[in-house]
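So that we are looking at the same thing, I have put the structure below in structure tokens.
The values are calculated or read from the model by the stated rules, or taken from the named source; none is laboratory data. Note that this is a predicted model, so its numbers are computed, not measured. No Cβ is skipped: glycine too gets one built from the backbone with ideal geometry, and neighbour counts run over all protein chains shown. The protein model used for the area step is the full one, side chains on, heavy atoms only, and it has no ligands, DNA or RNA in it. Shrake-Rupley method; radii C 1.70, N 1.55, O 1.52, S 1.80 Å.
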Amino acid sequence: MKYVSTRGGMAPQAFSDILLEGLAPDGGLAVPESLPQIDAATLASWRGLSYAELACEVLSRFATDIPREDLARLTEAAYNDQVFSSEDIVPLRPLAGGLQLLGLSEGPTLAFKDMAMQFLGQVFEYVLTRRGTTLNIVGATSGDTGSAAEYALRGKQGIGVFMLSPHGRMSAFQRAQMYSLQDENIHNLAVKGVFDQAQDIVKALAGDLAFKSRYRIGAVNSINWARIAAQVVYYFHGWLRATTQAGQEVSFAVPSGNFGNILSGHIARSMGLPIRRLVLATNENNVLEEFFRTGVYRPRSPAQTYATSSPSMDISRASNFERFVYDLVGRDGERVRALWAELADKGSFDLSAHQASFAEQYGFVAGQSSHEERVGTIRNVFDETGVLIDPHTADGVKVARDYIEPGVPMLVLETALPAKFSETIEEALGRPVPPPAELADLESLPQRVTVMDCDLQQVRAFIEAHAKV
Ligand SMILES: *Cc1c(COP(=O)(O)O)cnc(C)c1O
């Protein structure tokens, strides 16, 4: 299996090569030349597998340059009950009204980013050790990616981590989770701006090819293909746990921001997994909901990006969206390049000519949720079922309810645990959620963070001074 760029300007490369890169050299994103297909017999043979074994099966289709026995070791190290607090790694629980909750947040940082990041930590160390080289990870986070990356990479040999976060825009728990890490290879940079501005700095650094090669800059943002591949696994797992027969269809509802999570669902579906609907849920930052409703992609400016009570979805520009558009326009790199040129020029592009295919061919439907709906959903799910969900998952539940169909299980992806967003839970239920016992005094631990202006040169200078060489 080789990888090419969504903008058509990259010679085919192996998994291990694109693993360590951010954007492709032509500014596009790496995608498989063609997707592996999983037939019904193969799928049926996966029913008895553990999560780690299933991950090995799925990922061996993408990482064809890593020997299978090595991959089995890496997935076992990533997905076990020492790292995850559920024995099944990703538990499936019933909710009321035909909904089920696919628990993606049992990892060390209590959010679904751990699912991909734990594998990434293993495979990065594996590839770097074999190549005898080092890597400096530079990323931007609106909360959950950064902490998941830091927990997956802390203490790893030869890896430095520089994580930009929007100063003052994360919850107290999220801040404590990241900034309390004292490992010397972990660097938290709180920049005075919104997530998208932080991400622009990361993109600018990654686009500076001399800097990038001198300091061996890599990425763990949601554009990293290995993350997308690792996330494909839990769509297979969810389907296997929710069905008993070949061909039975399942729908997934996905709280969305950067379009990484749901893109993995799109990949799983394109590999032949019987997915009926991919239900995309946004919060008030509804760029993606608007696209699926109108066919027009119109990212917002930082000033038009609202700080909401589902903050990990406060994204105005969805970096992974380009990979879906690539498929939508018939995997035509020239066309993608032209669309993104139009976007840079006019601030939007219009694919309404393709609108009929969104649901029919690709299964995509969408909806959005407001603060009142989010809080109301947390409350009524708790009242009806006794299950406490987090604000992001609540956006998923709210939108999923509009798309339930008889006989089709609707699996809502639980993208974080409520303890992470205690302020909003308190608003919904009138009392805070105690954090898990082992994290009870997280917020009182000393914090290690450097606050700086949202300025490319300052960030660059910091990395130059602290990079692994
Ligand atoms: C990252 C995140 C999302 C959004 O996922 P994308 O892959 O960016 O679409 C939703 N909920 C939570 C809790 C997250 O951390």
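When residue 222 is evaluated against the numbered criteria (1) touching a Gly at 6+ places or on another chain (Cβ under 8 Å); (2) within 14 Å of the ligand (Cβ to nearest atom); (3) not in a loop (DSSP other than H, G, I, E, B), which criterion, by number, is the only one it fails?
So the condition that residue 222 fails would be (3).
Sticking with this one: Name the helices (runs of 4 or more DSSP H) wholly inside region 1-103 in which the number of residues that are open to solvent by less than 20 Å² (accessible area, probe 1.4 Å), in contact with a Lys or Arg (Cβ under 8 Å, 6 or more places away or on another chain) and not small (Gly, Ala, Ser) is 1 or more.
Result: 51-60.
Can you tell which of 279, 336 is open to solvent by less than 20 Å² (accessible area, probe 1.4 Å) and more than 15 Å from the ligand (Cβ to nearest atom)?
336
Answer with yes or no whether residue 233 is β-branched (Val, Ile, Thr), within 16 Å of the ligand (Cβ to nearest atom), over 14 Å from the mean Cα position of the chain (by Cα) and assigned to a helix (DSSP H, G or I).
When the stated conditions are applied, residue 233 does not pass them.
Report, by residue number, each residue of region 22-35 that is in contact with a helix residue (DSSP H, G or I) (Cβ under 9 Å, 6 or more places away or on another chain) and farther than 16 Å from residue 116 by Cβ.
Of everything in region 22-35, those that are in contact with a helix residue (DSSP H, G or I) (Cβ under 9 Å, 6 or more places away or on another chain) and farther than 16 Å from residue 116 by Cβ turn out to be 23, 24, 25, 26, 27, 28, 31, 32, 35.
Hey, could you check region 436-451 for residues that are outside any loop (DSSP other than H, G, I, E, B) and among the hydrophobic types (A, V, I, L, M, F, W, C) and say which is modelled with the highest pLDDT?
So, considering only residues that are outside any loop (DSSP other than H, G, I, E, B) and among the hydrophobic types (A, V, I, L, M, F, W, C), the one modelled with the highest pLDDT is 451.
Something else about it: Consider residue 112 against the criteria (1) farther than 24 Å from residue 216 by Cβ; (2) open to solvent by less than 10 Å² (accessible area, probe 1.4 Å): it satisfies all of them except one. Which criterion is unmet?
Every listed condition holds for residue 112 apart from (2).
Next question. Out of (1) hydroxyl-bearing (Ser, Thr, Tyr); (2) open to solvent by less than 20 Å² (accessible area, probe 1.4 Å); (3) closer than 13 Å to residue 460 by Cα, the odd one out for residue 215 is which?
The failed condition is (2).
A further question follows. If a residue must be of a type outside the set (Ser, Thr, Tyr) and in a strand (DSSP E or B), how many such residues does region 236-264 contain?
5
Here is a follow-up. Scan region 332-358 residue by residue and report those that are without any contact (Cβ under 8 Å) to a residue 24 or more places away in the chain and over 28 Å from residue 301 (Cβ atoms).
356 - this is the single residue of region 332-358 that is without any contact (Cβ under 8 Å) to a residue 24 or more places away in the chain and over 28 Å from residue 301 (Cβ atoms).
Could I ask something else about it? Please work out which one of (1) at pLDDT 95 or above; (2) part of a loop (DSSP other than H, G, I, E, B); (3) crowded, with 16+ Cβ neighbours inside 10 Å is the condition residue 468 fails and give its number.
The failed condition is (1).
Another one. Residue by residue through region 36-74, note down the ones that are closer than 15 Å to residue 236 by Cα and touching a Cys at 6+ places or on another chain (Cβ under 9 Å).
Hit for region 36-74 is 49, nothing else.
Only one of 127, 138 is surrounded by 16 or more Cβ atoms within 10 Å (Cβ to Cβ), away from the ligand (no atom under 13 Å from the Cβ) and assigned to a strand (DSSP E or B); which?
138
Output the residue which, of all residues in region 153-205 that are farther than 23 Å from residue 116 by Cα and in contact with a Leu (Cβ under 6 Å, 6 or more places away or on another chain), is surrounded by the fewest Cβ atoms within 10 Å (Cβ to Cβ).
That would be 204.
Could you go through region 254-273 and let me know if any residue there is open to solvent by 20 Å² or more (accessible area, probe 1.4 Å) and within 11 Å of the ligand (Cβ to nearest atom).
Yes, there is a match, as at least one residue in region 254-273 is open to solvent by 20 Å² or more (accessible area, probe 1.4 Å) and within 11 Å of the ligand (Cβ to nearest atom).
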